[in-house]
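Asker: My questions all concern the structure below.
The values are calculated or read from the model by the stated rules, or taken from the named source; none is laboratory data. These figures come from a predicted structure and were not determined experimentally. Virtual Cβ from ideal backbone geometry, glycine too; neighbours counted across all protein chains shown. Protein only, heavy atoms only, side chains kept; ligands, DNA and RNA dropped before computing areas. Shrake-Rupley method; radii C 1.70, N 1.55, O 1.52, S 1.80 Å.
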Amino acid sequence: MNSRAAKKGHDTPEFRHLIRRVVPADMTGEGHPVAPTAGKGPSAGRVDPRGQGRSLLARLAAGRPFAALRSCGNRCVGQTVQGRFGGLYLFGAVFLLVSFLLRTGLYLRSAGQIDFQWGLLARIYLVGLLFDLVTWCYIVTPAALLLVWIPDRWFRSRLNRWISVGVYFLTLYLLLFDAAAEWLFWDEFGVRFNFIAVDYLVYTQEVVANIRQSYPAGVIMGILFGAAMVLLLLTRKAYVRVCTSNSSWGQRLKRAVVFPAVSLLALWFVDLSWADISRNQYANEVAKNGFYSLFAAFRNNTIDYPSFYLARNDQKMLGRLGGLLQTENSQPIEAAPGGILRQVSYPGPEKRHNVVILVVESLSAKYLGVFGNPRGLTPNLDALAADGLLFRNAYATGTRTTRGLEAIVLSLPPTPGRSLVKRPDNENMFSLGPLFRRRGYETKFLYGGRGFFDNMNHFFAGNGFETIDQTDFRDDEVTFRNAWGVCDGDLFGKTLNECDRSHARGKPFFSLVMTTSNHRPYTYPAVIDIPSGSGRDGAVKYTDHAIGEFLREARRHPWFDNTLFVILADHCANSAGKTEVPVPNYHIPLLLYAPRIVSPGTVDKLTSQIDVAPTLLGLMHWSYQSAFFGRDVFQAGIGRAPLGNYQKIGLYSQQKLCLLLPKKESRLYEIDPQGRQQEVPQDRELLADTISYYQTAAYLVKHHLYEAPAF
């Protein structure tokens, strides 16, 4: 023994006795042959570190606790991970560990939103473990089946050993990469991977650029690489040992068949509803597994309404909805297919106002001073609210841009699954585009990003709009761009030019403008007092500045006095909350500005994005055949707002929210003035109204009855 170890007192009878009691003999090296070093001198008789005597006891005695720990870990794992399939179990152990740590991190991060209860905490981790095990089984099933067919000679070869270690390292890196991605996704949306993540996998150009501009991607990737390397070094010996095992084809088949069998059972019996362990949505999300949630979202992008939700006789629901949509100035058209078509009439001559709708990315009402925000982020919008018509009680239908656009243009509630903007066969639907075009308008959809994203160009081109996106901007029209497109100021400059062109041709125009700047990475030109890239507040203030400049410039154009400007959000900045559908997180600004047309004022009636189209047409006194699910807000009737979050859909009216959930369930909540939700017994009439909205919308879309030619 060396003098250094002796000085530390590690090589004492008491120390060796303690090690013998705590650590089994086969893990200390005692009781096994030891290869002493040859020769004379101080090193004679020492344990050869390259031989079998490289024991835990020797390393502890030599003052090398990390090496001892690694040796202990390799021996423990080596005893557990044996045989050809041992590598899958080894990966499973790492997968469960990383999933546990990530779940713990997300729980601690959301601790302020989750009431601590031992029972709830136990359910979070037990259900989470179930999802982790099922997910692991899904992931390794293809590998298990592949291992059955690899011959022993190839499996035990040096080349396969190197390939296997490389694949193992790559798998560890991807596992850690997923954990980091989930953490950042939670930071943005407050949920595990869902349908938004599926969309992001499709539109990689915008997403990758957004990540690079929002986070120190190189540093993060380097840290993940280092962490994966550490995991590899800690488990490499056990993994390599797997590559030396022998087995027959029959033995391999018996072991491998377990993985697809378990996967099929899980596919049949396990779904995301198992994560509904409480009424607190943060707790439910923490219990999920991100891989599993992503897989489930990919499978369920389109959901058949009658298979999963409360449904009644189609014709009765059509009739009920027709009655709900009836107003004093409308008459049903009995012979029309679908059952809700009606003739809407207004007295007096129709007006041919120009219309510009500015749809602002992620602008929650809470950011505006007129709704109580004290930070002074929206001086221009606040001034416009004072000079225009402000709808104080307006709500988005969903949580994504495509939901907002769908509601504004089609006046439809948010059917389960993905938006109609992204579905196939979404052309020539009943929408604002054809209504304006039939009256000689030039209709345009202008977007600061690539219209390929979220299928927007295809949808609008197929529904009566000319599409203009960032690919149509000349170099001299762009002063700033980021991952999502040109800045809002450049977009509004392009909008002014397009309005001028229509006016020069003697054509009235209807322009729907979708902004991008109020989105991570929150970068914009240096024209405000908040530095670019510093966060949401700066992006809100920049967008407000751009809107103010746009309208100041528009006043100099000859078409301004005859133009209706509509400003609203596509959805709120953050829709996550404790409840399934948190009503305050759907509250958006909506205002009309036209100094020569609309008198200043406020509207307190509950209003939805689906009411924008009929209300706008009512202001212009247009008489038309309508299949819209929305109503003119200025007509008599109780306000209501459909709200949805992918699979959870509801109707908000008179401070009550009726929710429809998969597995044909429903719930009713009362909403207090602060937005808190209290579950109450179901209201049969409101439940029937809610079913009529969503069942009818799904029925008309499925049977191609919500299309312009049908009426």
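Asker: Given a cut-off of 32 Å, name the pairs among K288/K664; K605/K648; K351/K702; K316/K422 whose C-alpha atoms lie farther apart than that in the structure shown. Write out the running numbers ahead of the final one.
Answerer: Working: K288/K664 22 Å; K605/K648 24 Å; K351/K702 35 Å; K316/K422 29 Å.
The answer is K351/K702.
Asker: With +1 on each Lys and Arg Cβ and -1 on each Asp and Glu Cβ, and nothing else charged, work out how big the dipole of the chain is about its Cα centre, in Debye to the nearest 20. Before the final figure, lay out each step's value.
Answerer: Details: 77 positive and 59 negative charges, 783 e Å.
Charge dipole, the chain, about its Cα centre: 3760 debye, nearest 20.
Asker: Modelling each spin label as a point 7 Å along the Cα-to-Cβ direction, I'd like the E477/V262 distance in nm, to one decimal.
Answerer: 5.7 nm
Asker: In addition: Measure nothing fancy, just the Cα-based angle from helix 536-554's long axis to the longest principal axis of the chain, in degrees from 0 to 90, nearest 10.
Answerer: The angle comes out at about 30 degrees.
Asker: Using the alpha-carbon atoms, what tilt in degrees (0 to 90, nearest 10) does helix 401-410 show relative to the longest principal axis of the chain?
Answerer: Roughly 20 degrees between the two axes.
Asker: Can you spot the lysines whose alpha carbon is less than 22 Å from K237's alpha carbon? Ignore those fewer than 8 places along the same chain.
Answerer: K237 reaches no qualifying lysines.
Asker: What fraction, in whole percent, of alpha-carbon pairs in segment 250-296 exceed 15 Å separation? Before the final figure, lay out the partial values.
Answerer: Working: 614 of 1081 pairs.
For segment 250-296, the share of Cα pairs beyond 15 Å comes to 57 percent.
Asker: Further, regarding this structure: Say each of N562 and R439 gets a label point 7 Å from the Cα, pointing the same way as Cα to Cβ; how far apart are those two points in nm?
Answerer: 1.3 nm
Asker: Put a dot 7 Å past each Cα toward the Cβ at V270 and L184; how far apart are the dots in nm?
Answerer: Taking the simple label geometry, L184 and V270 are separated by 2.8 nm.
Asker: Under a straight-distance cross-link criterion of Cα-Cα below 18 Å, which lysines are reachable from K494, leaving out those fewer than 8 residues away in the same chain?
Answerer: Straight-line reach from K494, under 18 Å: K444, K507.
Asker: Leaving ligands, DNA and RNA out of it, work out the accessible area of T467 with a 1.4 Å probe and give it in Å² to the nearest 10.
Answerer: 40 Å²
Asker: Hey, if you put +1 on the Cβ of every Lys and Arg and -1 on every Asp and Glu Cβ in the chain, which of W274, A143, L130 ends up farthest toward the positive end of that dipole?
Answerer: My answer, from the dipole projection, is A143.
Asker: Give the shape of segment 256-326 as rounded, prolate or oblate, defined through the alpha-carbon gyration tensor: a ≥ b ≥ c are the square roots of its eigenvalues, a/c under 1.5 means rounded, and otherwise the shape is prolate if a/b is larger than b/c and oblate if not. Spell out each step's value before the answer.
Answerer: On the way: a/c = 3.32, a/b = 1.97, b/c = 1.68.
Prolate is the answer for segment 256-326, as a/c is 1.5 or above and a/b outweighs b/c.
Asker: Could you compute Rg(Cα) / (2.2 N^0.38 Å) for segment 129-186, with N its residue count? It would help to have the intermediate numbers written out before the result.
Answerer: On the way: Rg = 14.7 Å, N = 58, 2.2 N^0.38 = 10.3 Å.
Output field value: 1.43.
Asker: I'd like the carbon and sulfur percentage of the solvent accessible area for the chain, probe radius 1.4 Å, heavy atoms only, ligands and nucleic acids excluded.
Answerer: 59 percent
Asker: Compare D544, D152 by solvent-accessible area with a 1.4 Å probe and give them largest first, with all protein chains kept in place. Walk me through the numbers on the way to the answer.
Answerer: Working: D544 0, D152 40 Å².
Largest to smallest exposure gives the sequence D152, D544.
Asker: Here's something else I'd like to know. Roughly how tilted is helix 158-189, in degrees to the nearest 10 and between 0 and 90, from the longest Cα axis of the chain?
Answerer: 40 degrees
Asker: If ligands, DNA and RNA are left out, what is the accessible area of K422 with a 1.4 Å probe, given in Å² to the nearest 10?
Answerer: Roll a 1.4 Å probe over it and K422 shows about 30 Å².
Asker: Would you calculate a helix-derived [θ] at 222 nm for the chain, using -39,500 (n - 2.57) for each DSSP H run of n ≥ 4 and dividing by the full residue count, to the nearest 500?
Answerer: Details: 26 runs with 326 residues, N = 711.
It comes out at -14500 deg cm²/dmol, rounded to the nearest 500.
Asker: Ranked by accessible surface with a 1.4 Å probe, highest first, in what order do I333, I691 come?
Answerer: Working: I333 50, I691 0 Å².
From most exposed to least exposed: I333, I691.
Asker: Shifting gears a bit: For the chain, what number results from the quotient of the Cα radius of gyration and 2.2 N^0.38 Å? Don't skip to the answer; put the middle values down first.
Answerer: On the way: Rg = 31.8 Å, N = 711, 2.2 N^0.38 = 26.7 Å.
So the Cα radius of gyration is 1.19 times the expected 2.2 N^0.38 Å.
Asker: Accessible area per residue of segment 517-616 at 1.4 Å probe, in Å²? Let's see the in-between values first.
Answerer: Numbers: 3220 Å² over 100 residues.
That works out to 32 Å² per residue.
Asker: Convex hull volume of the Cα atoms in segment 164-310, per residue, in Å³?
Answerer: It comes to 172 Å³ per residue, whole-number rounded.
Asker: Further question on the same structure: Please report the relative contact order for the chain, taking Cα pairs under 8 Å with a sequence separation of at least 6, and give it as a percent rounded to a whole number.
Answerer: Working: 1212 pairs, mean separation 116.8, N = 711.
Result for the chain is 16 percent.
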